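The values are calculated or read from the model by the stated rules, or taken from the named source; none is laboratory data. Model, not experiment: these values are computed from the prediction. Every residue, glycine among them, receives a Cβ derived from its backbone with ideal geometry; neighbour counts consider all protein chains shown. Side chains are part of the model used for accessible areas, which takes the heavy atoms of the whole protein and leaves out ligands, DNA and RNA. Shrake-Rupley method; radii C 1.70, N 1.55, O 1.52, S 1.80 Å.
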Amino acid sequence: MGGELTTRDVFTIMSLTNVMQLELTKHLSLGIMAASECYVSVRRIQKFLEVQELSHDSCKNVSSVDDKKIEHEDVVISLRDVSCYWDSSTMDQNAASSEDAYETQNYVGVLAVKDVNIEFKRNQLTCIIGSVGSGKSALLLALAGELEVSKGNIHRSTSSLAYASQDPWIMNGSVKENILMGLSYDKEHYHDIVKSCGLDVDFQQFQDGDDTVVGDRGVQCSGGQRARIGLARALYRNADILLLDDPLSAVDSRVGNLIFYEAIKNIALKRGCCVILVTHQHQFIGDSRCLLVSDGMVQTDGTFSDCVAAANGALHFVTQKSLDEDESRKESSIREKDSGEKNMLPATENNMSKQIFGKLKQKSSEQDEIKETGVVSKATFLHYMQCMGGPWVALYLLLLCTITQALALGSIAMIGRWSERPVEQQRSWDILGVVLGLGVGVVLFAFIRSIAFFRLAIRASKRLHNAMSDAVMRAKIEFFDTNPSGRILNRFSADVGSNDDLLPHTLFDFFMCAFIVAGSLITAIASLPYILIVMPFLVWYFYTTRSIFVTTSRELKRLEGLARSPIFAMLSESISGVATIRSNDAVKYIRNKFENFHDAHTRSFFSFLASSRWVGFRMDSLMFITVSVSSLLAVVFSDQGWFEVDPVIFGLALSMLIQLGSIFQWTIRQSAEVVNQMVCVERVSEYSKLESEAPLITDFDKDLVWPQSGNIQVNDLSVRYRSTLPLSLRGVSFNIQSGQRIGVVGRTGSGKSTLVQTLFRILETESGCIKVDGIDISKLGLHKLRKGMSVI
């Protein structure tokens, strides 16, 4: 170009370039990527916020005195020409505004309720009957305001409503928390509700009573217990309108008898509630009002006899139960006798009942997520290295990093030598070729290093994910009973996401910056050995600060991972129970609970960020001292003639030290971040070592034609849900011949479902055996066993 290259110009430009290197190559690209991700996230959030919301405009709370449509003061809820569709979001909005929208078929949703005109009064029990899929639950959802009214209006004279769904929603907490669900504790009212639902007998079997944790989705409870907990929750809310969606279907006849007469009649109706009960237990209807629902329409409104007459043979008369005083006393005495007998059970017998529900004090600790403490083990790093490809792959990456950094330092030194030459020799190709060759070598090896590193890191992440997936898919049912779905989802989303996105970038940054720092320090010490005077103090301060930071940030990262699991769990849990939450006016309680979990996560995450800024400030101060002392000593030693300093090497060393001012603290933070991200590898690896079920295929299966006739022989069978819990089935023996139809009966939680799970080897036997057609099922592979039987 005709200019003159001087040493001053070269190292001034190199120093400024080195200072900007991290910002231009790392932070600028991160900023652009973050802005792009922010834009995508905002669009997704905006799309979610614009989704049609549940409208309550057509379900109004009005005064029974002012509303002319409600003719009697006792009417608490009135429906006028109400029609509902399951998918109201598919309706043509323009057509919805016109009265003939429903006649012109502009609505493509599935019909749920059609042209319902009906009133419900205080202190009245209304039983809704009909075949499966006739629209009974849809009518209750419409009354609860959870199914949007597409046509007509629902008028209420009270806003107090409680709802118990057909599939009871149970949140992960104690039984008492599920019943209260945010309401204050009224001891007398609470115990009346518990007794009327038959839960007092269950509480005597629970070692922790009503403080027992039921687990995610209530997995520790039987179906009947979940139904009664949901019913108790609705009753405890003391609402004027009580919507019950078939709570009697999951309980035995005696408990159903107790619930109907004690809970529904003696508590709800005596308080003046309007009780709307969906049921298939027609023996309880008696003289109560009865609605026959078919195809989403109310076909008959009258007595049970009227409904039977109108059903055209679809319904049949059943013996109606009544509970007079003698029967009431008999039922009460039976319950007291049962209670007394259970209290007199030996400790071993009582423990067997407790096992069925998983109610030992150890259970709360089993529900807690395991948190590793201390340093991340070397085994975690070695496991990650093995997933990348093994020790030779690690050596290959180290060699690439070393060659790249050596070429970079060599190119800077050659540029310095180039600037020392006379002007007429600066255009000579002997030096130009070396400089260009080194520059091309730096670019080429940096590219190869980046491609190789990220390909190997992604390979490691895929292997970790696949190992965890395989282990979880083959895990024992005990694992799913003791781990909420949100906790498992956290491992597969946040932790796997960290291994996919964060760890490769962080690990690459650390290695790249570490080699730059190492090269800079080696160059500086080689050219300015007198800076070793202050090195011991600086090394001690660096080691102490980094040790504090790594220890703190590592534990904060673990706490952040643990605090994230409840957020996932509660979000999934709340979505599945949104109808129950909103209908029972518990939105504020659930919101506050979710915010508490979110605040706990935010505290740990903010503490982690604060610790990064803490170490960043101290590392910047350390490098400021290093550069200042090095520059001062270089001037002093050169001025006094104590040490001859090569200007080129001194310029190279000084430019590298100046570069450390911006890159050194980033290297330290990334080194700690690598350790923190390895916590995610540790958590994923933990799930890849889960205890597995029995083998899917065994040698015994080969050429075995099984089953043939279906004879079942059970000999002295004992089963427990978990090794820490007592036996659920003890010494069970029976024979079932081929072609027999057998009914297994017993109180809720007595072990009926346990027996079915044992047949499919979802639960393994503690002792004894099960033989089908003379073959011990413990010798069969799970594929052979489970394909040979079916279950509903």
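Assuming R0 = 45 Å, what is the FRET efficiency of Arg417 and Thr602, from their Cβ-Cβ distance, to the nearest 0.05?
The calculated FRET efficiency here is 0.25.
Equivalent-ellipsoid semi-axes (√(5λ), Cα gyration tensor) for the stretch 508-547, whole Å, largest first?
Ellipsoid semi-axes (Å, largest first): 20, 17, 4.
Order Met678, Met20, most accessible first, counting only protein heavy atoms with a 1.4 angstrom probe.
The ordering from most to least exposed comes out as Met20, Met678.
Could you work out the relative contact order of the stretch 397-477? I mean the mean sequence separation of Cα pairs under 8 Å and 6+ apart, divided by the number of residues, in percent.
40 percent
If I compute solvent accessible area with a 1.4 Å probe over the protein chains, what percent of it on the stretch 667-752 is carbon and sulfur?
That share works out to 51 percent.
At a Förster distance of 41 Å, what's the computed FRET efficiency of Ala610 paired with Val578, Cβ-Cβ distance as r, to 0.05?
So the FRET efficiency works out to roughly 0.70.
Once the cut-off is 24 Å, how many percent of the Cα-Cα pairs in the stretch 417-509 end up in the long-distance tail?
53 percent
Which three numbers, in whole Å and largest first, are the semi-axes of the equivalent ellipsoid of the stretch 556-595 derived from its Cα gyration tensor as √(5λ)?
Computed over the stretch 556-595, the values are 25, 10, 4 Å.
Compute the distance in nm between two label points, each set 7 Å from the Cα along the Cα-to-Cβ direction, one at Tyr530 and one at Thr17.
Reported label-point gap for Tyr530 and Thr17 is 3.0 nm.
Set the Förster distance to 56 Å, then compute FRET efficiency between Ser184 and Asn312 from the Cβ-Cβ distance, nearest 0.05.
Efficiency at R0 = 56 Å is approximately 0.65.
How would Ser160, Ser685 line up by accessible area, probe 1.4 Å, largest first?
The ordering from most to least exposed comes out as Ser160, Ser685.
Once you place label points 7 Å from the Cα toward the Cβ at Tyr543 and Ala35, how far apart are they in nm?
Between Tyr543 and Ala35, the simple spin-label model gives 4.5 nm.
If you average the C-alpha positions of the stretch 620-644 and of the stretch 681-747 separately, how far apart do those two centres end up, in angstrom?
Spelled out, the Cα-based centre of one part sits 77 Å from the other.
Treat each spin label as a single point 7 Å out from the Cα along the C-beta direction, and report the Arg254 to Phe480 distance in nm.
Going by the 7 Å Cα→Cβ label model, 3.2 nm.
So, by mean Cβ neighbours within 10 angstrom, what's the order for 736-744, 173-181, 400-408 with the highest one leading?
Taking the mean over residues of other Cβ atoms within 10 Å, the ranking is 173-181, 400-408, 736-744.
Tell me the net charge near Thr545. Cut-off is 14 Å between Cβ atoms, Thr545 excluded, with +1 for each Lys or Arg and -1 for each Asp or Glu.
Within the 14 Å Cβ shell, the charges total +3.
As a test question: what accessible area, to the nearest 10 Å², does Ile663 have when a 1.4 Å probe is rolled over all protein chains in place?
Answer for Ile663: close to 10 Å² accessible.
Taking the stretch 143-205 on its own, what percent of its Cα-Cα pair distances exceed 15 Å?
Counting pairs separated by more than 15 Å, the tail of P(r) holds 68 percent.
Might you tell me the accessible area per residue for the stretch 696-751, computed with a 1.4 Å probe and given in Å²?
Result: 61 Å² of accessible area for each residue.
So which of Lys47/Lys593; Lys378/Lys462; Lys195/Lys270; Lys689/Lys784; Lys136/Lys270 end up more than 23 Å apart by C-alpha?
Lys47/Lys593; Lys689/Lys784; Lys136/Lys270
May I ask for the equivalent-ellipsoid semi-axes of the stretch 131-235, computed as the square root of five times each C-alpha gyration tensor eigenvalue and listed largest first in whole Å?
Each semi-axis is √(5λ); the values are 29, 16, 12 Å.
What's the ranking of 381-387, 292-298, 529-535 by average number of surrounding C-beta atoms within 10 Å, highest first?
So the peptides 381-387, 292-298, 529-535, ranked by packing, come out 292-298, 381-387, 529-535.
State, to one decimal in nm², a quarter of the convex hull surface area for the C-alpha atoms of the stretch 638-768, i.e. the direction-averaged projected area.
19.6 nm²
Place the peptides 193-200, 600-607, 780-787 in order of packing, highest mean first, counting for every residue the other Cβ atoms within 10 Å and averaging per peptide.
So the order, starting with the most tightly packed, is 193-200, 780-787, 600-607.
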